[in-house]
Ligand code: 6PG
């Protein structure tokens with residue numbers, strides 16, 4: 001070990017509180033997979049279940065593949081795992097754009113998880129506001145509620161969008177915090193479409209939030225999120241679990257702007 005706590009098996013180095021840098025995207029996926037396994041074992045031991053909200057987009061794909069691999073699959077008690085999503089696009093589950101579809105192809109179709117433990121956001125429905133309300137009922141029946149009245153996921157996985165969005169929570173951020181909704185159906189101007197998404201208070205009620213950030217294209221936005229941006233905060237800056245832990249797992253490319261500042 002070189003004093004940073006890194007080992008060949010776990011090469012992640014903490015460069016800021018809660019910001020760990022791995023050599024490359026594969027190492028980010030591996031560190032995330034180890035953490036998912038550890039958290040599943042912790043919460044299944046404590047609560048006989050592990051409730052996780054998956055991230056969409058491309059970054060988590062390699063993590064899902066690893067969790068489905070022979071090396072990791074057998075370390076998770078899948079019958080006690082409940083899978084949810086942080087957000088979903090307004091497309092059918094078999095659409096290439098579907099976050100559910102990607103997770104199903106890369107992970108869920110390869111592990112012995114009971115179908116009733118997979119809680120898909122039915123974002124292909126015509127009335128997404130109604131769909132959001134239905135999903136809130138699913139959360140209510142599976143998750144404990146914290147002292148502020150929001151459901152507590154054991155783990156929420158998040159990516160980081162190029163303009164600092166998380167799940168389908170996009171700037172402007174002024175309305176994101178003051179909501180009592182658990183699931184929202186915002187119209188996203190940038191995408192010219194409506195999405196289904198967990199709300200910020202639900203993200204902040206989680207026991208653990210794990211960001212996966214890879215690639216040089218994320219370097220500047222990650223730096224802004226970690227160091228704070230002038231003016232209105234970015235959505236990702238508002239993710240601060242009230243009674244939980246927030247960890248960023250980044251590869252060197254995504255952390256390059258931060259590493260330059262630390263040099
Ligand atoms: C989505 C995601 C979104 C994603 C970021 C990063 O539905 O697109 O939930 O929030 O995590 O846009 O996406 P990449 O991982 O593809 O960079």
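Considering only helices (runs of 4 or more DSSP H) fully contained in the range 145-263, which possess at least 1 residues that are within 13 Å of the ligand (Cβ to nearest atom) and touching a residue at least 24 places away in the same chain (Cβ under 8 Å)?
Where helices (runs of 4 or more DSSP H) fall fully within the range 145-263 and carry at least 1 residues being within 13 Å of the ligand (Cβ to nearest atom) and touching a residue at least 24 places away in the same chain (Cβ under 8 Å), they are 200-203, 219-227.
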Query raised in the report: Somewhere in the range 56-73, is a residue touching a strand residue (DSSP E or B) at 6+ places or on another chain (Cβ under 7 Å) and closer than 23 Å to residue 140 by Cα?
Result: yes
Report task. Within the range 130-137, identify whether any single residue is away from the ligand (no atom under 16 Å from the Cβ), without any contact (Cβ under 8 Å) to a residue 40 or more places away in the chain, farther than 30 Å from residue 216 by Cα and touching a strand residue (DSSP E or B) at 6+ places or on another chain (Cβ under 8 Å), and answer yes or no. Result -> no
Query raised in the report: What single numbered condition from (1) crowded, with 17+ Cβ neighbours inside 10 Å; (2) free of Cβ contacts under 8 Å to residues at least 24 places away in the same chain fails to hold for residue 70?
Result: (1)
Query raised in the report: In this structure, does residue 151 turn out to be touching a helix residue (DSSP H, G or I) at 6+ places or on another chain (Cβ under 9 Å) and under 23 Å from residue 218 (Cα atoms)?
Result: no
Query raised in the report: In this structure, is residue 86 in contact (Cβ under 8 Å) with a residue 60 or more places away in the chain, within 16 Å of the ligand (Cβ to nearest atom), in contact with a helix residue (DSSP H, G or I) (Cβ under 8 Å, 6 or more places away or on another chain) and over 20 Å from residue 31 (Cα atoms)?
Result: yes
**Report entry** Whichever residue in the range 1-30 is assigned to a loop (DSSP other than H, G, I, E, B) and in contact (Cβ under 8 Å) with a residue 40 or more places away in the chain and, among such residues, is farthest from the chain's Cα centre (by Cα)
**Finding:** 23
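Quick note: the coordinates plus some simple rules give every number you see, no bench work behind them. Since the structure is predicted, the reported quantities are computational estimates derived from the model, not experimental observations. Neighbour counts are summed over all protein chains in view; Cβ atoms, including those assigned to glycine, are modelled from backbone coordinates with ideal geometry.
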